[in-house]
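Everything below concerns the one structure shown next.
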Amino acid sequence: MNFQLASFDPQLANLARKALADSRLAWESIDETVFHNQIRVLEAFRAEGVADTDFFPSTGYGYGDRGRERLDRVYARVFGAEAALVRAQIVSGTHALALALFGVLRPGDELLSVTGRPYDTLEKVIGIAGEGAGSLRELGVAYRQIDLLADGSPDLRAISAAIGPRTRAAFIQRSKGYQWRKSVDINSIGRIVAAVKAANPETVCVVDNCYGELVEPREPCAVGADLVAGSLIKNPGGGLAPTGGYLAGRTELMEAAAIKLTAPGIGPEVGASLGLNRSFFQGLFLAPHVVGQALQGAVFLARLFDLLGFPVNPSCAESRTDLIQAVKLGSPKALITFCQAIQSHSPVDAHVRPEPWDMPGYQNPVIMAAGTFIQGASIELSADGPLREPYTAYVQGGLTREHVIWAGLGTASALAAAGLLPTGSTGH
Ligand SMILES: *Cc1c(COP(=O)(O)O)cnc(C)c1O
């Protein structure tokens, strides 16, 4: 790749060349998965007979929206599930996950998180910190969690021991979210599901699939998960979906979630697509490639910031199951500088300086860089982090890897200019 390094400090330019060279092997393996998943998605479109007429908008109730119904079936195929529910009316990933949980759980049931503390926004859905109006806890659903082992793998023995007759749902978070840990890959999800089902075949395995879609050749339902949920402004929307969320899994669980989205007696039969079907289909078609671009960008960032002396997770060579690249910056100033520099290298709102703020649903102030075409879309290059020790930036997305590389270099420059690189790091 011939790229413009002349504007950078020569030491940084050298590190960039080295980081690029060191990324090649991981990039090749990502290319393989992209090819596999592109064909998988294409075959799902062909098998379901996606047609030009599927893109016609529906209005009002949205009865008989053939495109919407076909989109559900295409998603079901891609996610290795019996059924799926893909809707603009699902406002976010948190909403999709809440539908999954409220669909499955009833008063007196227990929810067991088997991958430690769930993502911040789910704490209020579950009611972990307290009662919380409308939470599962208020409904009378008990909650317990099993932490991951020190090496980041699931604690299968503790999981088996914890599952009881009341454990209606086991909750698995695939991506690390705002935590410094390994993400839970598809093989590990398969092992968790096997352990759960052995302890209680009636326990439903629900997976928070956010940021994981199309990163590996298979999805959680292919290894036995009952229900997955996520956001369309992350991976599966391919950068084109302007809003929305999805669930995929067993038919009766999908029905239960659809009832929570609409109303008893209505379920999945309504919901005007308002002309969004085309973006949903086209976004899913592009998603394998776009996810690959984001992953290749993340691999480069991992190597570059590693060479600069920052702890990174995962490393450049580790296999991945989600988009998130964590970089431990060590101070509030470095975290803020990092996010502001990512923002200033964005195609949209590059002039905006993000500041930490108290986001709804989060425990600490969060700084978020998202100079995106779709508000808050994190399949586009974005970086964020809660203002708490050890001041880790979580970077994800990027519609093109070239953008991620360029923004990474600009961010390294900004940290260097502010004297925020680890001492003695440049030039090695
Ligand atoms: C983004 C995310 C969510 C919540 O998604 P929103 O669309 O922001 O509501 C849940 N879990 C994980 C792991 C996520 O990354």
For this session: Can you tell me which residue within region 322-345, out of those that are without any contact (Cβ under 8 Å) to a residue 60 or more places away in the chain and aliphatic (A, V, I, L, M), is nearest to the ligand (Cβ to nearest atom)?
Result: Leu335
Problem set entry | Lys182 being within 16 Å of the ligand (Cβ to nearest atom) and of a type outside the set (Val, Ile, Thr) | yes
For this session: Hey, can you tell me all the residues within region 170-225 that are of a type in the set (D, E, K, R) and closer than 22 Å to Pro386 by Cβ?
Result: Arg174, Lys176, Arg181, Lys182, Asp208
Problem set entry | Residue in region 369-384 that is modelled with the lowest pLDDT, counting only those that are within 13 Å of the ligand (Cβ to nearest atom) and not in a loop (DSSP other than H, G, I, E, B) | Asp384
Problem set entry | Matching entry among Tyr119, Tyr75, Tyr61 (being within 16 Å of the ligand (Cβ to nearest atom) and of a type in the set (Phe, Trp, Tyr)) | Tyr119
For this session: Would you confirm whether any residue within region 359-368 is crowded, with 19+ Cβ neighbours inside 10 Å, assigned to a loop (DSSP other than H, G, I, E, B) and in contact with a Gly (Cβ under 9 Å, 6 or more places away or on another chain)?
Result: no
For this session: Inspect region 353-368 for any residue being within 27 Å of Ala26 (Cα to Cα) and of a type in the set (A, V, I, L, M) and give the result as yes or no.
Result: no
Problem set entry | Of residues in region 40-63 being part of a loop (DSSP other than H, G, I, E, B) and not hydrophobic (A, V, I, L, M, F, W, C), the one farthest from Gly245 (Cα to Cα) | Gly49
Seminar exercise, completed: Contact list, first residue from region 92-103 and closer than 14 Å to Tyr211 by Cα and in contact (Cβ under 8 Å) with a residue 60 or more places away in the chain, second anywhere and assigned to a helix (DSSP H, G or I) and within 6 Å of the ligand (Cβ to nearest atom), beta-carbon distance below 7 Å, six or more apart or interchain, is Thr94/Thr121
For this session: Consider Glu32 carefully, then state whether it is touching a Pro at 6+ places or on another chain (Cβ under 9 Å) and surrounded by 13 or more Cβ atoms within 10 Å (Cβ to Cβ).
Result: no
Problem set entry | Residues that are crowded, with 21+ Cβ neighbours inside 10 Å, in a loop (DSSP other than H, G, I, E, B) and not aromatic (Phe, Trp, Tyr), drawn from region 64-104 | Asp65, Ala81, Ala88, Ile90
Exercise. Restricting to region 316-342, what's the tally of residues that are surrounded by fewer than 19 Cβ atoms within 10 Å (Cβ to Cβ) and assigned to a strand (DSSP E or B)?
Worked result: 1
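The values are calculated or read from the model by the stated rules, or taken from the named source; none is laboratory data. These figures come from a predicted structure and were not determined experimentally. Cβ atoms come from the backbone with ideal geometry, glycine included; neighbour counts cover every protein chain shown.
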